[in-house]
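Here is the structure we will look at, set down as structure tokens.
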Amino acid sequence: MSDLIRKQDPANPGDHVTPWLGAYLDGEVTAGMREQIEAHLLNCVHCQTELESLEQLSDLLHADPPLKPQGSDRAFARKIVEQIRRPARPFWQRFLQLSWRMAPLFLFVGWAFFQAVEWISGLVLVGMNWVPGIEDSWQAMAPLPNDGGLLFSKLLSDLLRMSLSSLKIGEVAESIAWLEPVGVMALLNLALLTILAVLFVSWLASLWAYQQAKTNLKED
Amino acid sequence: MTIPVSLLTDQELINAAVGGETHAYNELVVRYRDGVVNVVYRMCGDPALAEEAAQEAFIRAWQHLSGYHPEHPFRTWLYRIAVNAALDALRRDRRLTGLNELDEEKLVEDTDDPEGSLEARERRQRVRKAVMTLSPASRAVLVMREYGGLSYAEISTSLNIPLGTVMSRLNSARSQLRQALVGILEVI
């Protein structure tokens with residue numbers, strides 16, 4: 001213990017021993033340290049006062065009697081053993097609970113995945129413009145924007161129009177034209193963000209309801 | 001002839017409990033219940049929470065019993081689990097009830113000496129409140145020392161902190177308590 005604090009030396013009459021008084025009171029100093037502290041205390045009123053204060057504090061702390069546990073020790077132990085013997089929840093229950101807690105993360109990963117697909121596909125299509133001969137093939141299908149992102153948008157809007165036409169919603173399909181080419185992507189992004197926001201708010205609401213139910217149970 | 005579990009040593013009970021014998025663990029719980037309940041009570045300041053945290057501590061101890069090393073006393077290992085269970089119970093309780101500060105109503109409850117003098121009861125309440133204002137790290141060291149009766153070396157092992165840290169946290173805790181209890185202590 002004497003190696004712990006090097007700033008002061010209890011053997012030096014000019015230095016106080018206050019950092020060691022707690023350990024001295026607890027009986028945690030070596031025999032040599034104890035002799036030095038006691039020799040110092042004989043002549044130092046400051047340290048005597050400190051020691052007295054610590055002793056009073058210890059008396060105060062111990063004046064508070066220990067808590068008497070309710071019920072017998074045997075009944076308490078039986079309760080513990082019953083809980084130990086209770087079978088663990090099935091794996092699927094624990095998996096569901098974990099999945100519910102991780103829901104915001106999954107939503108974020110889904111959004112990030114969609115964004116990544118959009119960006120990567122746009123880059124790939126821009127890159128394809130530089131492949132010799134590919135332009136002629138694409139031009140045969142449709143006018144080719146130079147921007148890969150716009151091309152991707154155009155392909156999506158064509159797909160959407162074809163789907164709506166096949167569902168006999170021709171008027172809606174034709175009105176898609178005014179959304180081309182950038183509008184379709186913006187619409188899809190907006191739709192995705194809306195869905196994610198609704199899911200996240202639903203998750204927050206279920207979390208709030210769960211905590212309310214737990215609080216009510218506790219109060220009961 | 002079967003030896004009654006009450007005559008077995010702690011290590012024998014632990015060995016049996018690790019082997020799955022719950023009646024051996026039952027005996028361990030009986031032996032250490034008072035100590036654990038008092039440690040968790042001093043850590044979280046609420047008798048009801050203390051009961052809950054003590055149960056949680058013993059359940060966790062059962063689940064991790066195979067991780068106990070016999071070269072250290074069982075109570076040092078158990079008290080660490082108890083301290084963590086108390087802190088977890090306190091965090092859960094504050095999160096559920098929206099408490100960011102100490103719940104004074106719980107702290108003033110004096111179940112031990114309802115007929116004691118008013119002054120003595122108020123003094124005890126102030127002491128409990130002062131202990132609860134310590135940081136969890138300082139409170140754990142103080143509680144283990146003053147109420148758990150652990151030595152500095154045992155506290156160091158239990159909380160996995162250096163001996164010097166035990167001493168400095170104790171000094172800091174006692175200094176804070178003396179400041180908080182300035183009206184009660186005759187000497188500061």
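Computed from the coordinates by the stated procedures, all read-outs in this text should not be read as laboratory data. Treat the numbers as computed from the prediction; the structure is a model and nothing was measured. Please note: Cβ atoms are built from the backbone with ideal geometry, for glycine as well, and neighbour counts cover all protein chains shown.
What is the percent of Cα-Cα separations in the stretch A:81-135 that go past 14 Å?
Tail of P(r) above 14 Å: 74 percent of Cα pairs.
Projecting each Cα onto the charge dipole of chain B (Lys/Arg +1, Asp/Glu -1 at the beta carbon, about the Cα centre), which of B:ALA48, B:ALA137, B:THR165 comes out farthest on the positive side?
Checked the options; the winner is B:THR165.
Can you give the direction-averaged projected area of the convex hull of the alpha-carbon atoms in the stretch B:1-94, in nm²?
Taking a quarter of the hull surface, the average projection is 6.0 nm².
Please provide three numbers in whole Å: the alpha-carbon extents of chain B along the principal axes, with the largest listed first.
Taking the Cα atoms of chain B, the three principal extents are 60, 37, 33 Å.
Compute the angle between helix B:47-63 and the longest alpha-carbon principal axis of chain B, please, reported from 0 to 90 degrees and rounded to the nearest 10.
For helix B:47-63, the angle is close to 30 degrees.
Show me the GluC sites (Glu not before Pro) within the stretch B:30-71 that DSSP assigns to loop and that have at most 16 other Cβ atoms within 10 Å of their Cβ.
Qualifying residues, ordered by number: B:GLU71.
By average Cβ neighbour count within 10 Å, what is the ranking of B:119-128, A:108-117 from highest down?
The peptides rank, most packed first, as B:119-128, A:108-117.
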